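Right, one structure below, let's go through it.
The numbers here are math on the coordinates, done by the rules we state, and not lab data. Predicted, not measured: the structure shown is a model, and the values here were computed from it. Don't worry about glycine lacking a Cβ; one is built from the backbone with ideal geometry, like all the others, and counts go over all protein chains shown.
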Ligand SMILES: C[S@@+](CC[C@H](N)C(=O)[O-])C[C@H]1O[C@@H](n2cnc3c(N)ncnc32)[C@H](O)[C@@H]1O
């Protein structure tokens, strides 16, 4: 049978994917590494199908290895007999505890079948929450900023683990970045905050990220031109005014609206 690594998304239970929900509903046992992931999973799984794993809060590598060996020892026989899920917030392959379980199984229980169900990661959810567009052609780096760290270099960065926002902010702004913060985005538990003011989120909360961008790095796009006056939907060549619906009609008849097909050489998303 199979061990499923299921990404639950950022925390709102309706952002669990349909596939994730189906796996949770059918798995014989569902393990979670923390309270928050457990509270999302229990929207779809009754308590009597939730399994217990003990993870010590430690940075001691030896203790962590021991804890993961014990976790694999618990999970592996259950995954031989039936279907088992291990849930994580976000995506199981992005900065996730699932990687520890997978590596431990690779070594000690290589026969266990696995399948990963991707989840909505904070890496993508932040963009909508913060109103940021990572447009085609942009580059975006992922960094950690725990304990007031302020890594610099890339034009655009997502910073995870922002636990001391004022200190991180000082470092980033000194290096010339514009910074926005997101706390508990799309999470049922706790208050969601989106702000540019680090003092508003000075209190430590692990579920905090930052988006830092160097001013002036925006790419130009063909459709930027629509902001120019000559493309204004209310402008006509003779200076008169026409309604938006009429514009669409005119553009269509002139072949300006390209339709839904990707251009040659492009793939559809
Ligand atoms: C260990 S990473 C886990 C990432 C997760 N696997 C994912 O794909 O989103 C944890 C960090 O991700 C960020 N994070 C995860 N979920 C978040 C959310 N809902 N709101 C804000 N930040 C979040 C925080 O910076 C947090 O410290």
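Computed from the mean reciprocal separation of all distinct C-alpha pairs, what Kirkwood hydrodynamic radius does segment 88-194 have, in Å?
15.9
If each of residue 28 and residue 142 carries a label point 7 Å out from its Cα toward its Cβ, how far apart are those two points in nm?
About 3.2 nm separates the two model spin labels.
Which of 152, 223, 168 moves most in a GNM of the chain, Cα contacts under 10 Å?
223
From the convex hull of the Cα coordinates of segment 1-92, what is the mean projected area in square nanometres?
Computing the convex hull of the Cα atoms and averaging its projections yields 5.7 nm².
Starting from the alpha-carbon convex hull of segment 140-188, give the projected area averaged over all orientations, in nm².
Taking the Cα atoms of segment 140-188, their convex hull projects to 3.4 nm² on average.
Can you give the Rg and Dmax of the chain based on its C-alpha atoms, in angstrom?
23.6, 78
Which order, highest average first, do 83-93, 55-65, 189-199 follow once you tally other Cβ atoms within 10 Å for each residue and take the mean per peptide?
Sorting 83-93, 55-65, 189-199 by mean packing, highest first, produces 83-93, 189-199, 55-65.
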